[in-house]
Amino acid sequence: MNTTTLPLVTIVAESILHDRLIEELKKAGAKGYTACSAEGDGSRHLRSGELLGDNVRIEAIVSEAVAEKVLNVLARDYFPYFALIVYVSDVRVVRGDKYV
Amino acid sequence: MNTTTLPLVTIVAESILHDRLIEELKKAGAKGYTACSAEGDGSRHLRSGELLGDNVRIEAIVSEAVAEKVLNVLARDYFPYFALIVYVSDVRVVRGDKYV
Amino acid sequence: MNTTTLPLVTIVAESILHDRLIEELKKAGAKGYTACSAEGDGSRHLRSGELLGDNVRIEAIVSEAVAEKVLNVLARDYFPYFALIVYVSDVRVVRGDKYV
């Protein structure tokens, strides 16, 4: 099977950020996403204000350029203010043109 | 710790396909799977008919041959008709013989 | 964007083990984790006693040394007695110092 290697961007954040993060992904050029409910704890989970809601784990297969853009936006506009983890891994997909 | 590198196949699809996809994985030779509830949107999320159910994210660690078989079956029998994402990444496992 | 490559450890186990596994991760040196509810089946899902609860999928970005320690503890103290899968993949993170 012919596959293409693309970056998979995974974001873990407070659920309250779900809609904003999906919006950021789309603005950066992501064609889709998958989100799961999650809970967690960690040095990057700073909790914004009084909100103690659950977390959300969002993943999106994108182009290298879109992955770079997402990392830049999150590092600049979210990391200083919100509980947020973001990581990128390489995955092989069928019909890579659907994601870029 | 001695580890083996094996492909991890991840499938995201409408929940209605859960049982059929597990069946395909087993028929292809997968020894097990893990599934999470998910929601999402994207160019590959075409929605079949009237059904607007949630999505499911299924992952399975398999042999290279089983991964190849799963990709082929999904590309041939599912991609034309259903909302479906499939991607493969490499993971290191302990006791790799349990998965192949 | 400057990134660091770190191991992402993923553990899938019966929900009943959630707290113990988080404790093991922390004891091994993990700075945080993300957990999702899951269900599954497989050769490593042996079911401990009468308990038929759901599964949990826990992931943590850690240092190589912590990943090694987690694999060793799980292989020694959990694999013989519990339904458990553990796998490691490489991910690129922003601000890698937060995880090690």
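Side notes on the structure shown:
- C:GLU50 away from chain B (no Cβ under 13 Å), over 22 Å from B:SER37 (Cα atoms) and at pLDDT 95 or above: no
- Candidate set: the stretch B:1-32, residues that are touching a strand residue (DSSP E or B) at 6+ places or on another chain (Cβ under 7 Å) and more than 15 Å from B:ILE85 (Cα to Cα); chosen: the one surrounded by the fewest Cβ atoms within 10 Å (Cβ to Cβ): B:THR5
- Filtered by the rule that a residue be within 13 Å of chain B (Cβ to nearest Cβ), over 11 Å from B:VAL93 (Cβ atoms) and either surrounded by fewer than 18 Cβ atoms within 10 Å (Cβ to Cβ) or in contact with a Ser or Thr (Cβ under 9 Å, 6 or more places away or on another chain) (or both), the stretch C:80-91 gives C:PRO80, C:ALA83, C:ASP90, C:VAL91.
The values are calculated or read from the model by the stated rules, or taken from the named source; none is laboratory data. The structure presented is a predicted model; accordingly, all values stated were derived computationally and were not measured. Glycine also receives a Cβ, built like all others from the backbone with ideal geometry; neighbour counts cover every protein chain displayed.
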